Amino acid sequence: RLPSALIGQSAPALNLPGLDGAAGIADADLRRGHVTVVNVFASWCVPCHSEHEFLLALAHDPDLEAKGVMLIGVAQKDPPENVRRFLGALGDPYAKVGLDGDGRAGIDWGVYGVPETFVIRGDGEIAFKQIGPIDAVALESAVKPAILKAAN
């Protein structure tokens with residue numbers, strides 16, 4: 001377990017272009033009054049493939065949907081065509097996808113390596129960080145409880 005100096009701090013600015021001309025991620029997305037889950041991933045990342053089914057479950061969780069929780073993806077150092085193929089093959093759990101082609105946003109956010117997932121309170125404060133892939137145990141014992149706590 002690696003500590004994150006950002007827990008309890010305001011999330012670093014995040015302004016990334018979207019995939020295929022879609023709306024990207026704006027800093028305001030992290031400060032909209034509802035919890036936002038930010039998942040940093042890449043198509044070339046093997047653990048990202050294994051966690052994907054759990055992200056789909058998270059995105060379609062009725063309890064979280066009722067609380068207005070939004071899941072956004074940050075594709076790190078990944079060409080748009082690869083991101084498009086990855087999400088097309090496995091399903092797209094994200095309300096928005098931002099492209100971090102040069103990895104600068106990942107550096108600002110203290111990302112050690114993909115995948116990493118952040119829970120952001122409605123005021124933009126980082127409440128939780130999951131380093132490594134989300135699996136069934138992490139989803140139920142750490143990630144979902146952190147989301148629900150941040151939503152209250």
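The values are calculated or read from the model by the stated rules, or taken from the named source; none is laboratory data. Please read these numbers as outputs of a predicted model, since none were measured by experiment. Note that each Cβ is placed from the backbone with ideal geometry, even for glycine, and that neighbours are counted across all protein chains shown. When the accessible area is computed, the model is the full protein with side chains, heavy atoms only, and any ligands, DNA or RNA have been set aside. Shrake-Rupley method; radii C 1.70, N 1.55, O 1.52, S 1.80 Å.
Annotations for the structure displayed:
- Potential extension, Ser10-Glu53 segment - 0.36 nm per residue separation minus Cα distance: 12.6 nm
- Shape call, region 6-47: gyration tensor on alpha carbons, a/c limit 1.5: oblate
- Stretchable slack from Asp123 to Arg85, in nm (0.36 nm times residue separation minus alpha-carbon distance): 10.3 nm
- Rg/Rg_globular for region 95-152, with Rg_globular taken as 2.2 N^0.38 Å and Rg from C-alpha atoms: 1.20
- Based on every Cα atom in region 77-127, Rg and the maximum pairwise Cα distance Dmax equal 12.6, 34 Å.
- Gyration tensor (alpha-carbon) shape descriptor, the chain, a/c threshold 1.5: rounded
- Phe54 accessible area, assembled protein chains, probe 1.4 Å, Å²: 40
- Accessible area of the chain divided out per residue, in Å², using a probe of 1.4 angstrom: 46
- Computed from label points 7 Å out along Cα-Cβ, the spacing between Ala23 and Val137 is 3.9 nm.
- 3J(HN,Hα) along region 68-73: x, 5, 10, 9, 10, x Hz, from the Karplus curve 6.51 cos²θ - 1.76 cosθ + 1.60 with θ = phi - 60°, whole Hz, x for Gly and Pro.
- Charge dipole (Cα centre; +1 on Lys/Arg Cβ, -1 on Asp/Glu Cβ; no other charges) of the chain amounts to roughly 260 debye.
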